[in-house]
Amino acid sequence: MKENKLILGFIGLMMSGCLLAQPPVSDPQMDAFVSDLMSRMTPEEKIGQLNLLAVGFDVTGPVLSKDAEAKIRQGLVGAVLNTYTPEAMRKLQSLAVKESRLGIPLLFGYDVIHGHKTIFPIPLALSCSWNPGLIERSARIAATEASADGINWTFSPMVDIARDPRWGRIAEGAGEDPYLGAQIARAMVRGYQGDDLGRSNAVMACVKHFALYGAAEAGRDYNTVDMSRIKMCQYYLPPYQAAVDAGAGSVMSSFNEIDGVPSSGNRWLLTDLLRTQWRFQGFVVTDYDAINEMSEHGMGDFRTDAELAMKAGVDMDMVSETYLKYLPELVAQGEISESMINQACRRILEAKFKLGLFADPYHGCTAERARRELLTPENRKAAREIAEQSFVLLKNDRQLLPLKKTGVIALVGPLADDRQNLLGCCGGGGDWQPAVSVQTGISNVAGSAVTILHAKGANLTDDPMLRATLQAFGEGIPVDSRSPEEMVAEALAVAARADVVVAVLGESSGMIGEAASRSDIGLPENQKALLQALVETGKPVVLVLMNGRPLTLTWEAGHCGAILETWFGGTEAGNAVADVLFGDYNPSGKLTTTFPRNVGQIPIYYNHKNTGRPYQGDSANKYVSRYLDVPNDPLYAFGYGLSYTTFAYGDVKLSQTNLIGDQTLLASVAVTNAGGRAGEETVQLYLSQPAASVTRSVEDLCGFQKVRLRPGETREVTFRITPDNLKFYNDKLEYDWESGEFIVRIGGDSASLKSVTARWSKQAAPAKTP
Ligand code: BGC
């Protein structure tokens, strides 16, 4: 077999001792193998390794690659995206390993974002669990399933910090905070890659979208980004760096520009920062067609784009085929050096080596394994548990929730009996048919003493333009042909016969994710009208939300008895929603993005600066930083989330209040479960430095701990604070800390914290002369 030829050739080479000169990398075996292989490659074959083609069922842009199979045979393809299933992958892989001259295996990339066949909640929801261990577990299961289905490379984690909920892709990230974002980035890389990429159940991670993609102006996808270096270092770059530090095998350059140069042509970003400063060892792939898109950005023709991208540090070209087309002539004319091509090729071959593809190009994937490992009962069980932990209870007046397992429930809303939307925006290879609707979940959990009366009540949207757009891209939403009035009337009729109304409302999955920016982030008008009619009945209304971004919910918060944010919960969404509604699981999720009162407040985020004229609640003062028509504070703050029990916080106690140098400060707080049910609380630590050489955020998250408490139980929660927690980027972009006063804040969300102050100096004050 051809794949074995490579290994045998390599062993021979090792034995003859004729190793070629190696770059300074840590694995001599890999170096020798790759060098030998490269010594036998033509320049065209090397450029072929840099070519990533879209072949298959799913595309997120125009399909630009034709005659893929012929190219694979010619050694002109290094990787494909969107091909999976053992059959499809094995077919293409065997073309590469058996019918191309050198038999170099392909990478198989795919957007495995929050599960492969067993779909977990969308990433924004996962982040609300504040549980990196749990998120790692979801990524591990995703990797096991994806690799069993022919995938060896996932375009995840997406770690873009986002402060603008108009941007649909806020759904794909971990929210607005760099500290939490970094923890989650690491957890996901660990989950995908495990300890050893060579294991058949590991997939290589791809950190995206490098960088700052989440800061698109006005929240419009693919839009311009403009940001100071100090802001990017402090707030936007840490999660990418954490993923790189965790050993992510690849990084994806983003669509946006940075400092006037698109990421895919930005040498500062891809070489100075990523390679020189962060010591990234893997390879860089562009986002879909991003090399060519540099022309539209205004960087010149495609040939110029290819040159820019190669010189910036892009190793692999996703679908534009610009490298394949122009690199040979750029090399021939001396505009690109051969050593650059060699370096990019080497990085890609190294990734293949680490994945063990030269030994087993199929990465242990067989049809039998896929049958055994996809969508297993254990994976579904994990998906249910993980979904439960991702929900956020936003309101619960007079303990309307949990519901009793008796009586009559009016279950209404376009998402009450829906399965098609539950996988969210980026459920990749998942199928909606096995997903559990809320209606089915309630029947599974509630028991026979509960009667459910169901009415759809409204379509997802009645906006003809929005509907047409979504349907044009195959993201159609089932449309009930009855008039809105008829549908509302039916819902009111069931509400009249019920003890409580559960309204399951929100966005459609096509309204979130890529290319799904919205300027109005409220519930669609027709759903809001349904909700208003239900509220007017006087029956208690529980609003169960499904959506992929913070919504503006000011009216809903004022009128519904309870609001449970369930995002898009994945395959087991309905069961998990029912578990929480009936109290089988006590909700514990906390928001990782701020919920604004209205769109005019955007961007609104907890770690903002103070300004020279902060508004401190004195409404008689006009000349302060405030709006005339809406308060400054959000509807729901970062870190916020209720439980069916309540948690009481004692005062914050410090081990000392004057610290010097490398000392450690212990900050403790007693947390008591003051309610009648066991529950889990995420205790959050924030730090502020009111005076420094540059302005600081009003507070920054620096730690969190989850504690599970029985009713009446008290636990002392202690955080260790070291000078590392005090560091920030100064105006020279040095990452260091400065002596001064620090406010230590601890509590259950970013807006309700208890605080104490400490002084921390770099050096002891000189002794006073008498
Ligand atoms: C998206 C990426 C994705 C890629 C491949 C692009 O349009 O921006 O996030 O990984 O397509 O599907």
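The values are calculated or read from the model by the stated rules, or taken from the named source; none is laboratory data. All values derive from a computational prediction rather than experimental measurement. Neighbour counts are summed over all protein chains in view; Cβ atoms, including those assigned to glycine, are modelled from backbone coordinates with ideal geometry. Note: areas computed on protein heavy atoms with side chains; ligands, DNA, RNA excluded. Shrake-Rupley method; radii C 1.70, N 1.55, O 1.52, S 1.80 Å.
Each residue in the range 83-105 was checked for being open to solvent by less than 10 Å² (accessible area, probe 1.4 Å) and within 16 Å of the ligand (Cβ to nearest atom), and 1 of them qualify. If you check G675, G650, G639, G661 for being in contact (Cβ under 8 Å) with a residue 12 or more places away in the chain, on the phi > 0 side of the Ramachandran plot and surrounded by 15 or more Cβ atoms within 10 Å (Cβ to Cβ), only one passes: G639. Filtering the range 363-421 to residues that are open to solvent by less than 50 Å² (accessible area, probe 1.4 Å) and closer than 30 Å to L106 by Cα leaves H363, G364, C365, A367, R369, A370, E373, L374, T376, N379. Scanning the range 187-201 for residues that are away from the ligand (no atom under 16 Å from the Cβ), within 19 Å of the chain's Cα centre (by Cα) and either hydrophobic (A, V, I, L, M, F, W, C) or part of a helix (DSSP H, G or I) (or both) returns A187, R190, G191, Q193. Determine which single condition A70 fails, assuming it passes every other condition in (1) without any contact (Cβ under 8 Å) to a residue 12 or more places away in the chain; (2) on the phi > 0 side of the Ramachandran plot. It is condition (2) that A70 fails.
Answer yes or no: is there a residue in the range 231-239 that is touching a Phe, Trp or Tyr at 6+ places or on another chain (Cβ under 8 Å), within 16 Å of the ligand (Cβ to nearest atom) and open to solvent by less than 10 Å² (accessible area, probe 1.4 Å). Walk me through it before giving the result.
Taking the range 231-239 and keeping what is touching a Phe, Trp or Tyr at 6+ places or on another chain (Cβ under 8 Å), we get 233-234, 238.
After this cut, where a residue has to be within 16 Å of the ligand (Cβ to nearest atom) as well, the list is none.
No, that holds for no residue.
The helices (runs of 4 or more DSSP H) found wholly in the range 267-333 and carrying at least 3 residues that are within 15 Å of the ligand (Cβ to nearest atom) occupy 290-297.
Just one of E741, E716 is surrounded by fewer than 13 Cβ atoms within 10 Å (Cβ to Cβ) and part of a strand (DSSP E or B); which is it? Talk me through it step by step, then tell me what you get.
Working: E741 fails: surrounded by fewer than 13 Cβ atoms within 10 Å (Cβ to Cβ).
After ruling out the rest, the residue left standing is E716.
Give the range 612-636 a look and list any residue that's surrounded by 12 or more Cβ atoms within 10 Å (Cβ to Cβ) and of a type in the set (S, T, N, Q), or say none. Once the filter is applied, which keeps residues that are surrounded by 12 or more Cβ atoms within 10 Å (Cβ to Cβ) and of a type in the set (S, T, N, Q), the range 612-636 yields S625, N632. Taking the range 504-523 as the range and being within 15 Å of the ligand (Cβ to nearest atom) and among the hydrophobic types (A, V, I, L, M, F, W, C) as the test, the residues that pass are I512, A515, A516. Just one of (1) away from the ligand (no atom under 16 Å from the Cβ); (2) open to solvent by less than 10 Å² (accessible area, probe 1.4 Å); (3) within 19 Å of G430 (Cβ to Cβ) fails for N152. It is (1).
So for the range 213-222 (the condition being more than 13 Å from the ligand (Cβ to nearest atom), closer than 24 Å to W130 by Cβ, open to solvent by less than 10 Å² (accessible area, probe 1.4 Å) and assigned to a helix (DSSP H, G or I)), does at least one residue qualify? No, the range 213-222 contains no residue that is more than 13 Å from the ligand (Cβ to nearest atom), closer than 24 Å to W130 by Cβ, open to solvent by less than 10 Å² (accessible area, probe 1.4 Å) and assigned to a helix (DSSP H, G or I). Would the range 388-402 turn up any residue that is among the acidic types (D, E), in contact (Cβ under 8 Å) with a residue 12 or more places away in the chain, part of a loop (DSSP other than H, G, I, E, B) and more than 24 Å from T144 (Cα to Cα)? No, there is no match, as no residue in the range 388-402 is among the acidic types (D, E), in contact (Cβ under 8 Å) with a residue 12 or more places away in the chain, part of a loop (DSSP other than H, G, I, E, B) and more than 24 Å from T144 (Cα to Cα).
Restricting attention to the range 720-738, and to residues there that are in a strand (DSSP E or B) and open to solvent by less than 10 Å² (accessible area, probe 1.4 Å), which single residue is farthest from A691 (Cα to Cα)? Step by step, filter the range 720-738, then rank; the result is I721.
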